[in-house]
Amino acid sequence: MKLGLRLIAGMLLVVGVALWFFGGLNCGWTKTYEEDPTTDAVTNLTYSERRYVFRPGLEFLGATALAAGLLAALSCMFPTAGNSGVGLNVRRGIQTHPQ
């Protein structure tokens with residue numbers, strides 16, 4: 001469980017950074033549309049045309065980093081799988097409990 005949560009946190013962080021990077025490295029807020037200036041061929045008037053796009057901003061990057069950090073912190077609340085490591089020390093010849 002512990003390793004699974006840490007792997008999910010790492011993958012979430014990588015996917016969030018990749019979406020932000022390949023989405024245009026937008027250092028502002030997330031944009032859902034862009035306005036393109038277009039000129040009418042008949043009247044030569046310039047007007048803006050909305051083009052709907054998704055450009056993730058820094059708050060998107062921060063939210064994915066926060067979610068990944070919370071998952072990684074949540075993984076610390078679960079005990080490690082298997083034994084407590086006493087068997088490993090006995091096999092190496094190290095005494096953990098003085099007699």
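Here Met77 meets the list (1) outside any loop (DSSP other than H, G, I, E, B); (2) over 12 Å from the mean Cα position of the chain (by Cα); (3) closer than 25 Å to Lys2 by Cβ almost entirely, failing just condition (1). Scanning the range 1-60 for residues that are of a type in the set (D, E, K, R) and either assigned to a loop (DSSP other than H, G, I, E, B) or in contact with a strand residue (DSSP E or B) (Cβ under 9 Å, 6 or more places away or on another chain) (or both) yields Lys31, Glu34, Glu35, Asp36, Asp40, Glu49, Arg50, Arg51, Arg55.
The selection criterion, being in contact with a Leu (Cβ under 9 Å, 6 or more places away or on another chain) and in contact (Cβ under 8 Å) with a residue 12 or more places away in the chain, holds for Leu74.
Please work out if Met11 is loosely packed, with under 14 Cβ neighbours inside 10 Å, free of Cβ contacts under 8 Å to residues at least 12 places away in the same chain and either closer than 30 Å to Phe78 by Cα or of a type outside the set (Val, Ile, Thr) (or both). In short, yes. Scanning the range 49-83 for residues that are under 30 Å from Ala18 (Cα atoms) and among the small types (Gly, Ala, Ser) returns Gly57, Gly62, Ala63, Ala65, Ala67, Ala68, Gly69, Ala72, Ala73, Ser75. As for the range 50-61, it holds at least one residue that is among the hydroxyl-bearing types (Ser, Thr, Tyr) and free of Cβ contacts under 8 Å to residues at least 24 places away in the same chain.
We did not get these values from a lab; they are worked out from the coordinates using the rules stated. Keep in mind that this is a model prediction, so the values were computed, not measured. Cβ: placed from backbone, ideal geometry, glycine included. Neighbour counts: every protein chain shown.
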